[in-house]
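Below is one structure; the comments refer to it alone.
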Amino acid sequence: MALTPETRLVTDELTKQFLVPFSLEDETRAIRDFLPLLPLEFRAIAETFIDRLSATIQTTAAPFLLANQAAHDKQYQRFSMAERIRARSIGREPNETEGGLEARRNQAAGVIANSKMVAFSKSEDGIDSLVLETARFLLHLHETPEIQSVAREILLQGTVAAWSALEMLVGDELTLLLDSRPDLVTKLLSDQSAKRKFELPKLNVDDLASRGFDLSKQMGRLLFEERDLSSLPTLKCACEALIDSSCLREKLAAPTAWRLNQNRHLIVHRRGTVDEEYLRKTGAKLNVGDQLVVSPAEFEELLLHALSIGSEFLAGLALLVVPNQSINAGAAQ
């Protein structure tokens, strides 16, 4: 469908300020293909990861979704009012009350209005009209400082949510993995970097008693339940020590992963106010005291990269959980 030049111009401006929702169906296909191979507990965590990213998109795109619904409602009201007026020509049937006549007129008007709205929403002119009205409304709102602040904040919080979904995926899956396969603790701690970050805690008798004096099914919780994976180096260390995947290493080493994590850190700890540490670690062309701005295009890039890391992580995890199965690691690329 081709939008008119005027609508394209307005929507180009719209997408600089507000996120338009997008589907993750294609990007999550690789994960969904091997999900049935995973035990139920591992599968549930992976499905939650996908659901959280999808929910993050819908939440971050809330201004667009609300404005788009308002545009549809406004157009429907136009059809509805016109058909209610036309329905006045419907005459009364024998023994029909005034209330019954009005109900029948309204029902008839509603059927026609619904039909016209469906046809309008599918037509090129209708789509162009709805898109244009949605874009104009949002851009008009964005002229006020309050809405500008809200639009910026929503994208910042969406960025934090994207990282949090990845952090929870890795932490929960690795906890479950080591709980079910304590033999892998040796592999984890044989990595010198991982050994420093995930050294076994010293337990006293009370600690052991609280765990039933049996750590064989609790090694994951013992190593990961108190560990903070909000730092990319820590998360990267845990993944690479346990999962042999060049694709995963590449995704974790990508500048986009570093930028996502540094943005998350600045938003959570500095409310998005740029400091010297952020500039030193990212090389961003900003000044100390500036407010971090994540554009809709950048948000989409960051979220999709978090998804790609998760996809490669799960492919590698599946090889450990079901080693005899054929998993297409690298399919997310």
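Of note:
- Scanning region 138-172 for residues that are under 17 Å from the mean Cα position of the chain (by Cα), within 13 Å of L19 (Cβ to Cβ) and of a type in the set (V, I, T) yields I154, T159.
- Qualifying residue in region 9-21 (condition: of a type in the set (F, W, Y), in a loop (DSSP other than H, G, I, E, B) and out of contact with any helix residue (DSSP H, G or I) (no Cβ under 6 Å at 6 or more places or on another chain)): no
Quick note: the coordinates plus some simple rules give every number you see, no bench work behind them. Because the structure is predicted, anything quoted here is derived from the model rather than measured. Note that we place each Cβ from the backbone using ideal geometry, even for glycine, and neighbour counts take in every protein chain shown.
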